[in-house]
Amino acid sequence: MSFTRPASDVLSRLGKVALPDEPAFEGSVTVTFPGVAAISLGDGTDRRVLTSVLEQLGLSVHPLQSTDFGSADLRNYELVLTSPALARQVYTRLGEHPLQDAGAYPAVVSICAPDQDAGAAGGSDACITLPQDPAALLAQLSVILYAHRAFARRYQSAMEELRLNRRIFRSVTSGISVADATKPDMPLTYVNPAFEVMTGYSLEEVVGRNCRFLQRNERDQPGVALLRRAIANREQTTAVLRNFRRDGTSFWNELVISPIRNRDGELTHYVGIQNDVTARMEFEAALRQSEKLAAVNRLAATMAHEINNPLESVMNLLFLAQHESDPQRLKHYISEADNEVRRIAVITTESLRFYRQSTRPRAVDCDDLLTSVLDLYAPKLSRFNIAVVHTRRAHAPVVCLESEVRQVVSNMVRNAIDAMRADAGRLEVRTRVRTGWKTGLRGVSLTFADTGSGMSTETQQKLFTPFFTTKGYAGTGLGLWVSSNIVERHRGHIAVRSSQNPRHPGTVFTVFLPFDGIREAPAPDLPPEAVTSLLPAL
Ligand code: ADP
């Protein structure tokens, strides 16, 4: 006796499906075998011996005519024993059927003559030689039957597991997709019905494609970058992406992808679980919008207060001017009123700048930007005897909204000058490539270290609050508030250290900007008209 095909081949023929790589399904699977063998041999001793051996194995024996192959339901038999030529026909016949229940399919055994080449039995699962001793024949057929039943049981377990998985996949409301990680560009191999409902694409339409088609042209989303990084590191991750349905409408997809490994630890698949979180995203956006409106309201109230003082001065000065006949004094009142009006203009401009829509981000060399700002302040710096040391170690550009970052830098330099104007001092400006301490992103830090007056703890606590200033009439208290908003928008942060110790007073501001912190100029949370419409009401 010889098995002519390896077990996996037998199974793949039976099921046309390779067995899953995972351990067999552990649940109880009852496999019933028909207990019938079919023999297609002419009458004679061989047939009688075979029949008696098969009966000893508990099988009932049916004759099978070669003409029956077309009509006989081969699935009713456990074993089919026949000549090599007919065995091949049976085999082909079985291969023509889509197999639902491969456990009930028969093992095909060729009966060869002693001088017959076993290779001639290529169309069967096993081959036995006749005539031979009945005891040996019994042993051989018993092994064949045992092997066949063992395969069938394993196959049934595996099929049961697949069916169970399929039932789970079909019943869950989350979209499930499976991608083949061993093939180039990781094509999808499966999506469940919930995925089809969520996206409008059918299983047939998506199998073989990389699932990025769901993003259409929006490839630069932060969520996509997160996915790329996780795939490169073969990690699980969760990302929220803007995806498009088949009909072109968009939805927010919260996607969890997990790598699947085989027994040897090799990555074979990615499984994606996706949920439509559009409603949640819209709710969060509405919440942000209302918070922004509340902030504008707070700003408007504070601005009304801030503008009221200079406005009252202007009214008083104009009243005095109207009743003044001395040209010298009149000139003085008008000039004072002019100063007050300018101050109002500064407050409104600074506030509006915060809400203004920015231009597109671009790669900016931070050292060049620092040089150009320092050049602007050169006359002032030399007037107050302030020495500037600029150490350039940025090496790579930062993608940012240039005019906004310029505003931050300019505010830092102006504050340092204000802190040192009473005494000659030194301003050290340094750039350096580093990792952000809050986000772990790589980027450039810009340090502004001055030898100025330093700040009290109380001042340090209020620094970033709008309208907080210690400069009285000369300050607006908006510089650091606007700066921190700009830096946060770039996913960066500002740190500050300060000392009023008379031996080494001074302040160090460090502004960290990630290399790639901003991809697009953020759409204004509020349309400019909404802001300007609030201002006249002040
Ligand atoms: P303004 O400069 O109009 O006061 P800012 O928001 O830019 O508004 O600054 C707020 C306050 O922070 C300043 O009034 C000052 O007290 C303090 N400050 C900022 N930078 C420095 C510095 N380099 N040294 C000392 N104090 C500073």
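Quick notes on this structure:
- Test: residue in segment 366-385 that is among the aliphatic types (A, V, I, L, M) and free of Cβ contacts under 8 Å to residues at least 12 places away in the same chain: yes
- Sub-7 Å Cβ pairs linking a first residue in segment 475-496 that is under 21 Å from A449 (Cβ atoms) to a second residue that is near the ligand (Cβ under 6 Å from one of its atoms) and among the aliphatic types (A, V, I, L, M), at least 6 apart or interchain, are L480/L463; V496/L463, ordered by first then second residue.
- E196 acidic (D, E), free of Cβ contacts under 8 Å to residues at least 60 places away in the same chain, touching a Leu at 6+ places or on another chain (Cβ under 8 Å) and surrounded by 14 or more Cβ atoms within 10 Å (Cβ to Cβ): yes
- Test set (1) of a type outside the set (V, I, T); (2) part of a helix (DSSP H, G or I); (3) closer than 23 Å to A304 by Cα; (4) more than 8 Å from the ligand (Cβ to nearest atom) - F467 fails condition number: (2)
- Residue match in segment 455-467 (condition: of a type in the set (G, A, S) and either surrounded by 15 or more Cβ atoms within 10 Å (Cβ to Cβ) or free of Cβ contacts under 8 Å to residues at least 12 places away in the same chain (or both)): no
- Any chance S445 is closer than 27 Å to A378 by Cβ and either within 9 Å of the ligand (Cβ to nearest atom) or in a helix (DSSP H, G or I) (or both): no
- Those residues of segment 450-464 which are near the ligand (Cβ under 6 Å from one of its atoms) and in a helix (DSSP H, G or I), in sequence order: T459
- Matching residues in segment 73-89 - criterion: being farther than 16 Å from H148 by Cα and outside any helix (DSSP H, G or I): D73, T82, S83
- When R280, R288 are checked against the criterion of being among the basic types (K, R), modelled with pLDDT under 90 and farther than 30 Å from P193 by Cβ, a single residue qualifies: R288.
- Subset of segment 134-161 (residues that are surrounded by fewer than 16 Cβ atoms within 10 Å (Cβ to Cβ) and either among the charged types (D, E, K, R) or closer than 30 Å to Q274 by Cα (or both)): R149
- Residues of segment 470-512 satisfying the condition of being of a type in the set (D, E, K, R) and in a loop (DSSP other than H, G, I, E, B): K471, R491, R503
- The combined condition, being more than 23 Å from T435 (Cβ to Cβ), modelled with pLDDT of 85 or more and away from the ligand (no atom under 12 Å from the Cβ), is not fulfilled by R491.
- If you go through segment 389-429 and keep only what is closer than 17 Å to V364 by Cβ, within 16 Å of the ligand (Cβ to nearest atom) and assigned to a strand (DSSP E or B), you end up with just V429.
- Within segment 108-141, the set of residues being at pLDDT 85 or above and under 11 Å from L79 (Cα atoms) comprises V108, V109, S110, L141.
- Top-ranked residue of segment 208-243 - restricted to ones that are more than 16 Å from I273 (Cα to Cα), surrounded by 13 or more Cβ atoms within 10 Å (Cβ to Cβ) and of a type in the set (A, V, I, L, M, F, W, C), ranked as modelled with the lowest pLDDT: A225
The values are calculated or read from the model by the stated rules, or taken from the named source; none is laboratory data. Predicted model, so just to flag it, every value in this text is computed and none were measured. Cβ coordinates were reconstructed from backbone atoms using ideal geometry, including for glycine residues, and neighbour counts include every protein chain displayed.
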